[in-house]
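Each remark here refers to the structure printed beneath this line.
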Amino acid sequence: MSKQLQFKSVSKMPEIAVSMGLMEWNRTGAWRTQRPFYEDKTPPCSAACPVGNDIVSFIQKIAQKDFEGAWTILKEENPFPGICGRVCFHPCESKCNRGSFDEPIAIHALERFVADFIAAQHKKIEQRVEKGRERIAIVGSGPAGLSCAYHLAKLHYPVTVFESFSQPGGMLRLGIPSYRLPRDVLDREILNIEALGVEIRRGCTLGENLKLDDLKEYQALFIAIGAGRSRSLQIPGEKGKGIRNGLDLLKKINVRKRVNLGEKIAIIGGGNTAIDVARSVIRLGKKATLLYRRSREEMPAFEEEILEALEEGVKMRYLVNPIHIHQKDGLKRLECLRMELGEKDESGRRRPVPIPDSNFFIEVENIIIAAGEEIEFSSLPRGIERKEGIVLTRRDGSTGIKGVFAGGDLASNQRTVAHAIGSGKKAAMAIDCHFKGGNSEEAIRQVLIGEGPSLTIFRYLHPDERPMDSHIVTFEELNTDYFEPSKRQRESKSSVKERKKGLEEVTSTLGETAALEEAGRCFSCGTCNGCENCYVFCPDASILKEGDVLSRRVNYDFCKGCGICFTECPRGAITLEEEAR
Amino acid sequence: MKRVITGNQAVAYGVILSRVEVISAYPITPQTTIVEELSELIASGRLNTRFLKVESEHSAMAALVGASTGGARTFTATSSHGLAYMHEMLHWASGARLPIVLVNVNRALGPPWNIWSDQSDSLSQRDTGWIQLYCENNQEVLDTILQAYRIAETVRLPVMIVLDAFVLSHTSEPVEVPGMEEVDPFLPPYCPDYPMDTQEPRSYSVIATPEHFFEFRYKIQRAMEEVPGVAKKVDDEFRARFGRGYGAIERYGKEEAEVLLMTSGTVTSTSRIVVKKLMEKGLSVAGIKIKRFRPFPSEEIFEAIKGAKKLAVIDRNLSAGVGGIFTQELRASLYSREERPPVFGFISGLGGRDITPELIEEAVQYTLDHHRPEEEILWLGLKR
């Protein structure tokens with residue numbers, strides 16, 4: 001403390017009551033009872049992303065107009081941004097905190113924008129040459145297999161992928177119609193993986209021309225052959241003429257093979273395959289009626305696809321259960337029962353219960369059965385365990401057999417592209433741990449996003465970069481005073497008339513202006529984006545900058561711990577903690 | 001360039017031309033369109049000024065205290081209850097010697113609820129240490145803002161500019177709007193005496209014990225005493241540049257008049273007509289417009305009233321228990337003088353009732369007819 005001032009006359013006094021000396025001696029930080037510090041927390045979008053994308057970071061890059069930076073971040077976790085931006089069911093958006101404010105961020109549209117923007121730049125993908133000693137075989141070149149191959153290649157392993165079809169992609173190519181996923185997008189993203197040195201051997205079917213013995217020379221095996229067998233309805237007449245299974249039909253249409261179909265077609269099922277079949281059939285100029293035994297509410301297909309199918313003229317008949325297929329003069333007479341919803345079953349959906357004597361007939365020329373897919377176990381290694389119709393794996397994707405891992409639809413009932421990509425990535429990490437003698441379960445625990453199950457391989461590779469607390473930021477923790485309501489940017493869609501003409505893509509990529517606008521809407525939950533609210537509000541000038549940039553450091557010599565920075569941070573990126581006494 | 005604009009728009013033009021850096025406001029009728037105009041200009045990017053939305057007038061002034069301490073030229077506008085709510089921070093602004101300029105649109109305080117012109121809001125802030133300037137027309141409003149920053153930044157005291165609700169705020173008149181290039185040389189940027197610098201941190205508005213507080217108040221009084229000289233210099237320079245000047249007061253009418261009528265605000269415009277008419281009738285009448293209320297222009301008034309027999313004051317305000325506030329101020333300043341003609345204190349037009357030419361004529365006639373006022377308060381236009 002300096003001595004008390006004593007002015008002898010008014011003329012010697014300052015004009016205002018200001019300290020005569022500088023106040024640096026007064027370390028007000030000593031008064032502090034609570035300490036603010038910068039700590040990024042988990043945004044709900046990333047925690048909900050089965051792929052484990054660092055969504056906030058890539059959107060921040062878009063907002064800064066650094067599209068290449070956004071691409072780099074996306075590619076850390078996902079070899080398929082162009083694919084996911086189109087076909088993912090984007091659970092990230094359902095969890096987006098902005099959804100509680102006005103409308104969620106169109107994350108899928110931004111991911112797609114980045115992928116297409118970079119593709120349009122004709123960027124050369126870097127080639128990897130250095131290779132490790134252990135070789136890995138991957139069976140199946142669907143999203144799981146290729147994701148695993150991509151991450152292993154980035155970890156410098158030589159990888160060989162075996163694909164039974166003449167072209168790689170698995171369900172991406174055979175199951176997803178090109179009006180949702182154009183083939184050039186699929187091809188370019190697969191080419192990027194091959195450019196890393198991944199070898200894809202076409203026409204190798206496990207159990208046929210590819211034997212398990214052939215894979216002995218590989219030190220690890222990742223099996224991701226998917227669920228390719230259509231589930232049967234177990235009703236009489238099912239094997240008759242003109243009755244086909246949905247997946248086979250889709251495959252034919254998707255690889256542009258000729259299909260012979262009548263005019264009126266009934267599709268049985270309520271999942272994504274059923275919808276894809278119905279929409280494809282409509283594009284072939286046919287009439288499609290979809291029969292589903294529960295109601296619209298319980299339909300497992302993605303909502304957006306159901307809406308688009310309805311737009312395109314697919315008829316939906318709910319609470320209808322086929323029980324018998326009769327043949328009559330080349331027509332199929334489908335005998336059905338009307339259903340009503342009963343109590344909830346183990347899936348949480350209301351169980352359909354037949355209404356007695358409600359039998360009625362539907363006459364069509366073809367019936368397509370799309371009642372779900374099953375695993376074909378016969379070709380799998382002996383000794384592989386199964387449970388509830390899928391291959392049983394441990395948390396790290398390993399099976400009971402040493403060095404054999406499994407993923408994708410084969411090992412999961414969550415059969416989405418995103419889940420498959422996530423499982424491939426997880427297996428890549430586990431295989432790396434397997435070779436390095438590490439504890440893969442523990443390694444996975446370290447890289448979970450939030451509480452999991454999503455995980456980040458970026459953190460596995462760079463444990464000290466972009467640290468993030470596992471706490472998932474809630475809407476209530478945001479300071480929404482700093483956000484203005486704004487409209488979600490929507491991708492445009494071609495007219496129904498246009499759509500029915502062929503298999504052209506329905507939605508188009510956001511323009512740059514719309515993408516920037518949409519990126520600007522992101523709350524950046526839990527992640528400091530340098531908005532400088534803390535800097536502006538700190539009454540003690542204790543938020544430090546480095547040059548013009550927020551340093552994310554607090555000057556504790558003077559910080560009184562008032563907590564204004566913590567309160568005014570719009571996105572919960574500052575933590576306030578009681579000081580230890 | 002001449003434009004037909006309302007008083008509120010004239011305020012906005014004055015603020016733009018003064019290159020104000022920080023505006024903070026909470027909207028209140030009838031000043032609302034001032035901040036509307038300004039915020040729209042800022043939102044459109046045409047005005048490079050920081051606009052702070054705040055949750056109250058108290059905060060509006062508090063925010064300007066911060067901004068002005070930081071070295072910014074600052075502005076706010078308010079009215080009536082808004083000004084009353086600012087009261088504590090008005091003291092702070094003057095105590096910290098900050099050259100903030102505030103426009104108050106004169107309006108009554110409720111209840112009963114009333115949104116019309118009345119001086120009781122600004123005169124309630126008489127003792128807050130603010131310079132107060134009252135305007136007669138929209139041109140004067142604009143010009144006074146430009147002058148106010150010069151005065152405020154010279155003597156380091158805040159200025160309140162006052163205009164009548166609706167009569168000026170919402171009424172359009174032709175106003176000469178000078179160009180930026182004309183105003184810039186007249187009004188250089190503000191440089192604070194004690195600039196804030198995070199590299200050299202100081203403590204502002206610290207405690208002053210009885211040992212020193214007294215002297216700080218003495219300094220404010222001395223600053224107020226500088227105002228007449230500074231304001232005259234600024235007004236003279238303004239007149240030289242723009243061809244218009246206002247003075248602290250303005251005397252009009254007969255040279256050596258028996259009765260002098262004192263008014264402030266727009267009532268003066270009506271009075272000019274009445275005085276002219278009565279002079280033509282041969283009556284010995286003149287008028288005085290009081291523009292500056294704080295510091296009270298005693299010296300200027302003594303000069304102007306020399307030889308007058310009687311003084312009539314029309315107050316559009318009431319300090320209940322005493323009477324009109326301009327009347328009281330005038331009586332108090334005359335007390336120490338040898339020559340102290342009787343002061344006739346009229347109160348009229350409270351809560352926005354029109355002060356018509358007939359009422360003004362009635363006041364002058366009463367003053368001419370009486371040797372001394374029969375009552376302390378002479379009610380003009382009251383429904384008895």
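The values are calculated or read from the model by the stated rules, or taken from the named source; none is laboratory data. None of the values given here were measured: they were computed from a predicted structure. Neighbour counts are summed over all protein chains in view; Cβ atoms, including those assigned to glycine, are modelled from backbone coordinates with ideal geometry.
Quick rundown of the values:
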| read-out | value |
| --- | --- |
| Residue that is farthest from B:A60 (Cα to Cα) [pool: residues in segment B:86-133 that are in contact with a Pro (Cβ under 8 Å, 6 or more places away or on another chain), assigned to a loop (DSSP other than H, G, I, E, B) and not basic (K, R)] | B:I115 |
| Number of positions in segment B:51-75 that are more than 19 Å from B:L90 (Cβ to Cβ), modelled with pLDDT of 95 or more and in contact with a helix residue (DSSP H, G or I) (Cβ under 9 Å, 6 or more places away or on another chain) | 1 |
| Residue check for B:S203: touching a Ser or Thr at 6+ places or on another chain (Cβ under 9 Å) and without any contact (Cβ under 8 Å) to a residue 40 or more places away in the chain | yes |
| Selection from segment B:198-207 of residues that are facing another protein chain (nearest Cβ under 7 Å) and either among the aromatic types (F, W, Y) or surrounded by fewer than 11 Cβ atoms within 10 Å (Cβ to Cβ) (or both) | B:T198, B:Y204 |
| Residues of segment A:165-184 that turn out to be over 13 Å from A:V255 (Cβ atoms) and in contact with a Ser or Thr (Cβ under 9 Å, 6 or more places away or on another chain), as a count | 2 |
| Within segment A:472-497, tally of residues that are among the acidic types (D, E) and not in a loop (DSSP other than H, G, I, E, B) | 3 |
| Subset tally (residues that are assigned to a helix (DSSP H, G or I) and either buried (at least 24 other Cβ atoms within 10 Å of the Cβ) or of a type in the set (V, I, T) (or both)) for segment A:424-471 | 11 |
| Number of positions in segment A:318-340 that are in contact with a Pro (Cβ under 6 Å, 6 or more places away or on another chain) and aliphatic (A, V, I, L, M) | 3 |
| Helices (runs of 4 or more DSSP H) (entirely within segment B:290-384) containing at least 3 residues that are under 30 Å from B:W113 (Cβ atoms) and not acidic (D, E) | B:325-334, B:357-369 |
| Among the residues listed as B:P195, B:P189, the single one being closer than 30 Å to B:G95 by Cα, away from chain A (no Cβ under 14 Å) and either in contact with a Leu (Cβ under 9 Å, 6 or more places away or on another chain) or in contact (Cβ under 8 Å) with a residue 24 or more places away in the chain (or both) | B:P189 |
| Meets criteria (within 14 Å of chain A (Cβ to nearest Cβ), surrounded by 12 or more Cβ atoms within 10 Å (Cβ to Cβ) and not in a loop (DSSP other than H, G, I, E, B)) for B:M224 | yes |
| Subset of segment A:32-47 that is among the basic types (K, R) and closer than 18 Å to A:R552 by Cβ - its residue that is surrounded by the fewest Cβ atoms within 10 Å (Cβ to Cβ) | A:R35 |
| Unique residue being surrounded by fewer than 23 Cβ atoms within 10 Å (Cβ to Cβ) and more than 14 Å from chain A (Cβ to nearest Cβ) when the list is B:H91, B:H58 | B:H58 |
| Verdict on A:R445 being touching a helix residue (DSSP H, G or I) at 6+ places or on another chain (Cβ under 8 Å) and either at pLDDT below 95 or of a type in the set (A, V, I, L, M) (or both) | no |
| Given (1) within 14 Å of chain B (Cβ to nearest Cβ); (2) of a type outside the set (D, E, K, R); (3) surrounded by 18 or more Cβ atoms within 10 Å (Cβ to Cβ); (4) in contact (Cβ under 8 Å) with a residue 24 or more places away in the chain, index of the condition A:A17 fails | (4) |
| Top-ranked residue in segment A:200-250 [being acidic (D, E) and surrounded by 13 or more Cβ atoms within 10 Å (Cβ to Cβ); ranked as farthest from A:V320 (Cα to Cα)] | A:D214 |
| Residue tally, condition at pLDDT 90 or above and closer than 16 Å to A:C148 by Cα, over segment A:378-395 | 1 |
| Filtered residue count, segment A:157-176, keeping only those that are closer than 19 Å to A:L503 by Cβ and either surrounded by fewer than 17 Cβ atoms within 10 Å (Cβ to Cβ) or in contact with a Lys or Arg (Cβ under 7 Å, 6 or more places away or on another chain) (or both) | 3 |
| Residue check, B:I360 buried (at least 17 other Cβ atoms within 10 Å of the Cβ) and over 30 Å from B:R222 (Cβ atoms) | yes |
| Cross-chain or 6+ apart pairs with Cβ under 7 Å, segment B:208-220 first and under 13 Å from A:Q6 (Cα atoms) and facing chain A (nearest Cβ under 7 Å), then of a type in the set (A, V, I, L, M) and part of a loop (DSSP other than H, G, I, E, B) | B:A208/A:A17; B:H212/A:M13; B:E215/A:M13 |
| Members of segment B:1-31 found to be part of a helix (DSSP H, G or I) and polar (S, T, N, Q), listed by number | B:N8, B:Q9 |
| Single residue of A:G52, A:G29 found to be within 14 Å of chain B (Cβ to nearest Cβ), closer than 30 Å to A:N529 by Cβ, surrounded by 16 or more Cβ atoms within 10 Å (Cβ to Cβ) and in contact (Cβ under 8 Å) with a residue 60 or more places away in the chain | A:G29 |
| Test set (1) within 25 Å of A:V159 (Cα to Cα); (2) within 20 Å of the chain's Cα centre (by Cα); (3) part of a helix (DSSP H, G or I) - A:R415 fails condition number | (3) |
| The one condition in (1) part of a strand (DSSP E or B); (2) within 14 Å of another protein chain (Cβ to nearest Cβ) that B:E173 fails to fulfil | (2) |
| Candidates A:R338, A:R317 - the one that is more than 25 Å from A:Q414 (Cα to Cα), touching a strand residue (DSSP E or B) at 6+ places or on another chain (Cβ under 7 Å), buried (at least 17 other Cβ atoms within 10 Å of the Cβ) and modelled with pLDDT of 95 or more | A:R338 |
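Listed here are the residues, each with its yes/no results for (1) of a type in the set (G, A, S); (2) modelled with pLDDT under 95; (3) out of contact with any Leu (no Cβ under 8 Å at 6 or more places or on another chain).
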{"residue": "A:Q121", "(1), (2), (3)": "no, yes, yes"}
{"residue": "A:R128", "(1), (2), (3)": "no, yes, no"}
{"residue": "A:E134", "(1), (2), (3)": "no, yes, yes"}
{"residue": "A:V161", "(1), (2), (3)": "no, no, no"}
{"residue": "A:P168", "(1), (2), (3)": "no, no, no"}
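Condition check ((1) within 17 Å of the chain's Cα centre (by Cα); (2) at pLDDT below 95; (3) basic (K, R)) across all residues:
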site: B:K233; (1), (2), (3): no, no, yes
site: B:R244; (1), (2), (3): no, no, yes
site: B:R251; (1), (2), (3): no, no, yes
site: B:M262; (1), (2), (3): yes, no, no
site: B:R272; (1), (2), (3): no, no, yes
site: B:K276; (1), (2), (3): no, no, yes
site: B:K310; (1), (2), (3): no, no, yes
site: B:D315; (1), (2), (3): yes, no, no
site: B:A320; (1), (2), (3): no, no, no
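Quick grid of which residues meet (1) free of Cβ contacts under 8 Å to residues at least 24 places away in the same chain; (2) not in a strand (DSSP E or B):
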{"site": "A:R499", "(1), (2)": "no, yes"}
{"site": "A:A514", "(1), (2)": "no, yes"}
{"site": "A:A519", "(1), (2)": "no, yes"}
{"site": "A:G530", "(1), (2)": "yes, yes"}
{"site": "A:L550", "(1), (2)": "yes, no"}
{"site": "A:D557", "(1), (2)": "no, yes"}
{"site": "A:K560", "(1), (2)": "no, yes"}
